[in-house]
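Below: one structure in structure tokens.
We did not get these values from a lab; they are worked out from the coordinates using the rules stated. Since the model is a prediction, treat every value here as computed from it, not as a measurement. Here the Cβ positions follow ideal geometry from the backbone for every residue, glycine too, while neighbour counts run over all protein chains shown.
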Amino acid sequence: MTRIGLVTCSRLPDLDPEDTPLLDALAARGVSADAVVWDDEAVRWEEYDLVVVRSAWDYAQRRDEFLAWAERVCGVARLVNPLAVIRWNTDKHYLRELEAAGVRIVPTQWLEPERHLSSRALHTRFPAHGEMVIKPAVSAGSLDTGRYTAIDPQSRGLAIAHARRLLGEDRTVMAQRYLTSVDTVGERAHVFVAGEYSHSVLKGAMLDGRDVAVDGLYKEERISAVEASPEEVEMAHEVIATARQLLDAQPDAPGADDHLPFLYARVDVVSDDDGRPVLMELELVEPSLFPSYADGALDRLADAIAARAERAAG
Ligand SMILES: Nc1ncnc2c1ncn2[C@@H]1O[C@H](COP(=O)(O)OP(=O)(O)O)[C@@H](O)[C@H]1O
Ligand SMILES: [Mg+2]
């Protein structure tokens, strides 16, 4: 029987609840799936035909360890999304590459730890007015992401302290203007399965002062179903196609299925202050896919995973 490992983290050993229905849906398709914790030493990865990363949300502070794990797994099983994708997409520097390739992203100041920027230098790089966001380039679940007021000296001081703390941990800092459309219109997440558009959801603002992380793992999201316009779907398609081209152009893309469409992808889009859509992030590693928010989404996902597993089992 074809076997699939659905990868989670130790604090969610039975998967994120949104993924639990996948177990039965895959069983109904004649493939067996288990929830497996990525850093559990007892897991025998070679017993799986396909290993699908799902809720491995604790890698942000341990990215090297996570990448070493991915490398190990892809030596003995088929890993999706593949190693090259995981390497590229776990660090938001990929946004710079997408921007250089013509994708409009949230305007960002990139503050690199090796520049050893002084508080003064940080101050001059932060927006002069409005609100701003400080976040690490390697992050998940909105953790270590803060919202500050640019003109209030005390808040600006906290923003500088926040950036210095992350830089002191050798992490790249992204400084952005706070886009108020996140409050008024919301962020839209467009979900793709095996290269095909599946559905979209609307995500409420995350930086609204509720500072409670669930299990220290992620901040709770307020999600609702939403109908995306053809233009939005088109933009999301273009983001994914651009990412695919950039990855295919990498010299060391390992793994036989690297050129297949991403098994899953989520394109998170917000509006800038002029109302134009800009990319917040492209999630190719461990996005929530919100299958319960659209008719047929769970079946599309289960079909795609089962097909990929059958292919891997050969
Ligand atoms: N520039 C910004 N303006 C407004 N909200 C933001 C901005 N950057 C991040 N956020 C909020 O923080 C959340 C998490 O940021 P994101 O870049 O998506 O990182 P993560 O990888 O942690 O999801 C977003 O979903 C959004 O609600
Ligand atoms: Mg996000």
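Would you mind computing Rg(Cα) / (2.2 N^0.38 Å) for the chain, counting N as its residues?
Ratio of Rg to 2.2 N^0.38 Å for the chain: 1.00.
May I ask you to list the lysines whose Cα is less than 17 Å away from that of Lys135, ignoring any residue fewer than eight positions away on the same chain?
Hits, sequence-local ones excluded: Lys92, Lys219.
Another one. Between the helical axis of 63-76 and the dominant principal axis of the chain, each derived from Cα atoms, what acute angle in degrees is found, rounded to the nearest 10?
Between helix and principal axis, roughly 20 degrees.
So how tilted is helix 153-168 from the main axis of the chain? Cα-based, degrees 0 to 90, rounded to 10.
Around 40 degrees separate the two axes.
If I take every Cα pair under 8 Å that is 6 or more residues apart in the chain, average their sequence separation and divide by the length, what percent do I get for the relative contact order?
Relative contact order comes out at 21 percent.
Moving on to the next point. For the range 105-209, what percent of Cα pairs sit more than 23 Å apart?
Everything past 23 Å amounts to 32 percent.
Percent antiparallel among DSSP beta bridges with both residues in the chain, to the nearest 5?
70
Run the numbers on the range 108-177 and let me know its relative contact order in percent, using alpha-carbon pairs under 8 Å that are six or more apart.
Across the range 108-177, relative contact order equals 48 percent.
What three numbers, in Å, describe the spread of the alpha carbons of the range 3-88 along their principal axes, ordered from the longest?
Computed over the Cα atoms, the extents are 36, 25, 25 Å.
Sticking with this structure for a sec: Describe numerically, in nm with one decimal, the distance between label points set 7 Å from Cα along Cα→Cβ at Asp34 and at Ala150.
5.3
Determine the sum of side-chain charges near Arg300: Lys and Arg each +1, Asp and Glu each -1, restricted to other residues whose C-beta is under 15 angstrom from that of Arg300.
-3
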